[in-house]
Structure formats: C-alpha cells, structure tokens
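**Q** Can you read through this structure? Questions will come right after.
Throughout, read-outs are computed from the coordinates displayed, never taken from laboratory work. Since the structure is predicted, the reported quantities are computational estimates derived from the model, not experimental observations.
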Amino acid sequence: MPHDHSHDPGHHHGHAHSHGPATPHPAQPAPWSILRMTVTARLAAALAVSAGLWVVVLVAMR
C-alpha cells in the first residue's frame, strides 16, 4: 500500500522543536548525580545496592 507523503530530510511529522537540526539542545542541570554525593553517601549507596543484589541471589538459590 503506497503512502502519499515525501521522505525528504526537511519533512517532519509533528515534532515541536524550535531550533534547527545543527543547533543542539541547551545543557540541563542534572537533578541527581553520584559525583555530587559525599564519599560516605557513595559507600552507603554501594552497600545498599550490594545487599540488594545478595538478596536476589539468596532468594534465587532457595
């Protein structure tokens, strides 16, 4: 079944961008970053993830 619209590079379907294709999006501040965490918070997060993975392993072995 043929369709009746062109596929040229300048043709867009419903994209609401206000900048040109050569202009990138402006940088957005990250809402959360592991790099902004203190060392203690990073270690606590790593331990929590590790504990969660061990729970998955132990439950799978039951």
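**Q** Enumerate the calculated ³J(HN,Hα) couplings along region 40-45 in order (Karplus 6.51 cos²θ - 1.76 cosθ + 1.60, θ = phi - 60°), each rounded to whole Hz, writing x wherever the residue is Gly or Pro.
**A** In residue order, the calculated couplings are 4, 5, 5, 5, 5, 5 Hz.
**Q** Contour minus end-to-end for Met61 and Arg36, with contour as 0.36 nm per residue of separation and end-to-end as the Cα-Cα distance?
**A** The span from Met61 to Arg36 would gain 5.3 nm if fully extended.
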